[in-house]
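In what follows, a structure is listed as structure tokens, so that the remarks can point back to it.
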Amino acid sequence: MARIVTIERHILEQQKNHPNATGVFTNLLYDMALAAKIIARETTRAGLVGILGASEDHNVYGEQQQKLDIFADRTIFRINDHTGRLCAMASEEHEEIIEIPMNFDTGRYVLLYDPLDGSSNIDVNVSVGTIFAIHRKISTGERGTLEDVLQAGRRLVAAGYVIYGSSTMMVYSAGQGVHGFTLDPSVGEFLLSHENIRAPQNALYYSANAGYEKYWTPGVRRYAKWLQGIEGEGRKPLGQRYIGSLVSDFHRNLLRGGVFFYPGDMQDPSKPYGKMRLMFEAQAIGFLAEQAGGYASDGVGSVLDLEPYSLHQRVPLFVGNRDLVEKAEEYIRLYDQEWLEAYRPFRTLKMERA
Ligand code: AHM
Ligand code: MG
């Protein structure tokens, strides 16, 4: 019989490679898996709200109904607020960093999360995801500060995502490759299903919101034509796939090979940085891409090397197979001088004061 590896067993086995590990970090990942199971339970029932006798804003169990992204946000916070493993948290749903309540102990790690990315897709039954990233505390006081949260992606200890799709999967990396687990709902466990995921050599897809092509810079437009095999050396065209849900788009491209991009543009030259959030989306996704042998760039260099300046800062994102992402950088270097001049100052902005 095949070896059954639960996520807990896998994390524990990986921990053996770190003789000094205390287990704190292992438990933190396990807590994320628990949060994922609770959020998965609610997202799969989302379509039933209003049918199963839910009245006003209460559901059949007499519980207050919440928007799912708020529910996911509260769930992750409540599972992690009292464990003594974190010194602070930050969520895409909160303007400021989230402090650990004063009645609980603090710990050595910082958790950043996007509780339900792509949540506009829920009402139409399209996959959404949770994205998370873990940094080590670097400030010296007892409680975490903005300095602990705003660290470059290069210093991440771990990152991952959960995809609530036709099945629920959790994919994570703690710096030793990328591993995927599928939730078996009948036993309530995440089981290892994709060990050591590597970006396939031959890419199949590119993913971008082509509806916005009008706003794209000349270099990005030519790059898209190159992906289609029209521009340049006449490569075989890649198929175009776009869900509009970052986790799903990235996950498909990770398994099948490809590139996702959401570029910066000059629609408003004072905001040349596109839509993706560095701290809640690009860092974690970029870390996973690199761990799988891929690459994530803002069109100039690695998103992991960017020193953050603000919790909710946005960043252009090109992520997937390394050669495809580097090609985007090349096109931007050649044809997007105007955009580069507008965007470069944002790469060197200094961190905001707490
Ligand atoms: P959100 O954080 O408000 O949910 O937005 C992020 C989502 C990503 O999942 C997705 O890649 C992108 O927005 C899609 O944007 P668009 O609708 O502009 O193509
Ligand atoms: Mg998001």
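The values are calculated or read from the model by the stated rules, or taken from the named source; none is laboratory data. Being a predicted model, the structure only gives us computed values, none of them experimental. Glycine gets a Cβ as well: all are built from the backbone with ideal geometry, and neighbour counts include every protein chain shown. These accessible areas exclude ligands, DNA and RNA; they are computed on the full protein's heavy atoms, side chains included. Shrake-Rupley method; radii C 1.70, N 1.55, O 1.52, S 1.80 Å.
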Discussion item. It is to be established whether one or more residues within the stretch 256-267 are over 24 Å from residue 315 (Cβ atoms) and touching a residue at least 40 places away in the same chain (Cβ under 8 Å).
Written reply: yes
Worksheet item: Filter the stretch 120-155 for residues that are open to solvent by 40 Å² or more (accessible area, probe 1.4 Å) and within 19 Å of the chain's Cα centre (by Cα); which is farthest from ligand 2 (Cβ to nearest atom)?
Response: 136
Worksheet, complete the sentence: Looking across the stretch 255-281 at residues that are open to solvent by 10 Å² or more (accessible area, probe 1.4 Å) and among the aliphatic types (A, V, I, L, M), the single one that is farthest from ligand 2 (Cβ to nearest atom) is 266
Fill in: Residue count, the stretch 235-250 (criterion: within 16 Å of ligand 2 (Cβ to nearest atom) and either crowded, with 23+ Cβ neighbours inside 10 Å or among the small types (Gly, Ala, Ser) (or both))
7
Discussion item. So in the stretch 324-354, with the set limited to residues that are of a type in the set (Val, Ile, Thr) and farther than 30 Å from residue 99 by Cβ, which one is nearest to the chain's Cα centre (by Cα)?
Written reply: 325
Discussion item. Restricting to the stretch 207-234, name every residue that is open to solvent by 20 Å² or more (accessible area, probe 1.4 Å) and touching a helix residue (DSSP H, G or I) at 6+ places or on another chain (Cβ under 7 Å).
Written reply: 213, 218, 221, 222, 231, 232
